[in-house]
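Visitor: Below is a structure I'd like to ask you about.
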Amino acid sequence: MGINKSRVLLGGFLGGIVWLGWSFFINSRISPLLTVAQQKGLFLAKPRYSYFPIAWIITLFVLAILVSYLYAAVRNTLGPGPWTAFKVGALFGFAAGFPDNFGMASWSPADRVIPLGFMLEMWAGAILATVVAGWIYKQAGSEKAARAAA
């Protein structure tokens, strides 16, 4: 059975919305620390690229579509369901969020909570987006099964 690309895109889009919400939540928690780091000259006061906020939002949606596709690709091997979605999201989020932020926590003079927040933004965001995408993808299979049974 092939991958249902429309469900991958829908799941990725909805997962991207959830990931974006998580991103805003995490950034609202660490923004006071970022302000202090900016005042100390450890972070730039304004992004180097003026379009960064838009690019970041687009990036989160692209990543959510990627984890949606990965879930759809491995569900026949690992089994469909939230546990598989969790595993895919956890692996993807670890790869996306841990290495650079571990380096930043090790070498940056800024508060270690900042890279921790950035890492959690990617790691938990990937898990949430994949679970949402998996739920959407599951709904496609349930609809097909219901139509076949009728």
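FYI, it's all coordinate maths here, none of it is from the lab. Keep in mind it's a predicted model, so treat the numbers as computed, not measured. Reconstructed Cβ throughout: ideal geometry from the backbone, glycine too, with neighbour counts over all protein chains shown.
Visitor: Give a residue-ordered list of calculated ³J(HN,Hα) values for the range 114-123 (Karplus: 6.51 cos²θ - 1.76 cosθ + 1.60, θ = phi - 60°; whole Hz; x for Gly, Pro).
Guide: 5, x, 4, x, 4, 5, 5, 4, 7, 5
Visitor: Less than 15 Å Cβ to Cβ from residue 82, Lys/Arg counted +1 and Asp/Glu -1: what total charge do the surrounding residues give? Show your work: numbers first, answer last.
Guide: Numbers: positive: 75, 87, 138; negative: none.
Counting the neighbours of residue 82, the net charge comes to +3.
Visitor: What size of dipole, in debye to the nearest 20, comes out for the range 12-150 about its Cα centre when the only charges are +1 on Lys and Arg C-beta atoms and -1 on Asp and Glu C-beta atoms?
Guide: On the way: 10 positive and 4 negative charges, 26 e Å.
Value, rounded to 20: 120 debye.
Visitor: Right, another one. Report, please, the projected area of the chain averaged over directions, based on the convex hull of its C-alpha atoms, in nm².
Guide: That works out to 9.7 nm², a quarter of the Cα hull's surface.
Visitor: How much length would be gained if the chain were fully extended between residue 3 and residue 25, taking 0.36 nm per residue of separation minus their Cα-Cα distance, in nm to one decimal?
Guide: Working: separation 22, 0.36 × 22 = 7.92 nm, distance 3.23 nm.
Value of the extension gain: 4.7 nm.
Visitor: Right, next: Roughly how far apart, in whole Å, are the Cα centres of the range 50-94 and the range 1-49?
Guide: Between the Cα centres of the range 50-94 and the range 1-49 lies a distance of 14 Å.
Visitor: Only residues of the range 115-136 count here: report those whose backbone N is under 18 Å from the spot 7 Å along Cα→Cβ of residue 33, or say none.
Guide: Inside the label zone: 115-125.
Visitor: For a quick check: sort 49, 71 by the number of other beta carbons within 10 angstrom, fewest at the front.
Guide: Working: 49 10, 71 31.
The fewest-first ordering by Cβ neighbours comes to 49, 71.
Visitor: Right, here's the next one. Where in the chain lies the longest segment free of trypsin sites (Lys or Arg not before Pro) that are both loop residues by DSSP (not H, G, I, E, B) and have at most 16 other Cβ atoms within 10 Å?
Guide: So the longest stretch without any such site is 49-111.
Visitor: Relative contact order of the range 1-94, please, whole-number percent, based on alpha carbon pairs below 8 angstrom and at least 6 residues apart. Intermediate values should be presented prior to the final figure.
Guide: Numbers: 53 pairs, mean separation 40.8, N = 94.
Contact order relative to length: 43 percent.
Visitor: Hey, another quick one. I want to check the label-to-label distance for residue 73 and residue 135. Put each point 7 Å from Cα in the C-beta direction and report it in nm to one decimal.
Guide: Reported label-point gap for residue 73 and residue 135 is 2.5 nm.
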